[in-house]
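In what follows, a single structure is set out as structure tokens and then discussed.
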Amino acid sequence: MRDVAQRIRRLLYIVPYVAKHPEGVEVDQLAKMIGTERDELLADLELLSQVGPPDGDPGEYLLVSVDEGRVFVDLAHRLTRPLRLTAAEGCSLLLGIRALRESGIAPFDAAMQSAEKKLLAALGRDANEAESLATTTVVASISSPAEAAVANHLRALVTAARKRERLEIDYVSASRHGNERRPIDPYGIVHHAGEWYVVGFCHKRGDVRTFRIDRIAALRVTGEKFERPVDFDLEAYRRERLYVPSADAVTVRVQLDPLAVTRIGATWPVGEVTMQDDGSAELLVDCEGFEWVTGWVLQLGRHAWIVGPEEARRAMRERIGRLRAELHLATA
């Protein structure tokens, strides 16, 4: 019985001691420390490799190994001590959670509220101090007038999205030099590739569009209310849509004869295709600029042509003109 008690004490000492040393502990050093022979220590380590939760699988057992004369112990997740945070660390997490909750990114509101409750519970007696630090901390990250304007627009857009208020924005598009006034119904705010965007219904385009907030010169509340579609999910929209036309996108109408339709087969670009009874088709595709669509139509030769809008037809004529000029120079 005494030998059993001594062995249990050895095992209980080995696990936490070695686990605290990620670089491992030399076998001979550990054997000397606990006052046992090397072979007996190796037998103890073999036994420890079978330790785990009664209802767990082998992946939850202690990972005990001996490599190049050193002992390593990795604790399974269910056997590790609970994470402990200082009041300052808890304050940092609270600030981040509350910033997300107040950002207007609707799908995360409930999750962030639940996360805040769990965090305060995990902090235990330090929760009050972390709460006090968080409520008295001011985060200042605005370093320029442009960033201040984006921050002001962001707050206004978040409020309008929550209250379902229609807005009128002066938008500076990438393809035009002046401002363009657009009435929009803001559905929500997203952050992508370092930029903030408002996603909403554009009454000028008659479709859901994205607007970069740093390109909004001014915005006004119209006093009108809107109803967001019941099936609109901002998180799903951001996650699942492979292509979202921006506010600058123009819908181009392309006509294709039956031979062009045959050549394309199943490799249609992203857009709306309408098949005709004679085998021809019409394609509506949203384009930001006309470089891609004019090139795609040119590949089909005289079997495809741009029907509209006029600016897309003009871009096609200009591109054909450039190609003819280049061909003339090459043959001169």
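So the values come out like this:
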read-out	value
Residue match in region 292-303 (condition: crowded, with 17+ Cβ neighbours inside 10 Å, of a type outside the set (V, I, T), touching a Gly at 6+ places or on another chain (Cβ under 8 Å) and at pLDDT below 90)	no
Long-range neighbours under 7 Å by Cβ, at least six apart or interchain, first residue over 14 Å from R7 (Cβ atoms) and open to solvent by 90 Å² or more (accessible area, probe 1.4 Å) within region 20-46, second of a type outside the set (D, E, K, R) and part of a helix (DSSP H, G or I)	R38/V27; R38/A31
Members of region 182-203 found to be modelled with pLDDT under 90, open to solvent by 30 Å² or more (accessible area, probe 1.4 Å) and closer than 22 Å to T159 by Cα, listed by number	H191, H192, G194, E195, W196, Y197
Of all residues making up region 273-291, the number that are touching a helix residue (DSSP H, G or I) at 6+ places or on another chain (Cβ under 8 Å), crowded, with 18+ Cβ neighbours inside 10 Å and either among the hydroxyl-bearing types (S, T, Y) or within 23 Å of T262 (Cα to Cα) (or both)	2
I306 being on the phi < 0 side of the Ramachandran plot and either touching a Gly at 6+ places or on another chain (Cβ under 6 Å) or in a strand (DSSP E or B) (or both)	yes
Subset of region 204-220 [under 18 Å from the mean Cα position of the chain (by Cα) and without any contact (Cβ under 8 Å) to a residue 60 or more places away in the chain]	T210, F211, R212
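Each row is one residue, and each column tells you yes or no for (1) of a type outside the set (D, E); (2) under 30 Å from A151 (Cβ atoms); (3) at pLDDT below 90.
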| residue | (1), (2), (3) |
| --- | --- |
| V230 | yes, no, yes |
| Y237 | yes, yes, yes |
| E240 | no, yes, yes |
| P245 | yes, yes, yes |
| A266 | yes, no, yes |
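The values are calculated or read from the model by the stated rules, or taken from the named source; none is laboratory data. Quick caveat: nothing in here was measured; it's all calculated off a predicted structure. Here the Cβ is made from the backbone with ideal geometry for all residues, glycine too, and neighbour counts use every protein chain on show. Protein only, heavy atoms only, side chains kept; ligands, DNA and RNA dropped before computing areas. Shrake-Rupley method; radii C 1.70, N 1.55, O 1.52, S 1.80 Å.
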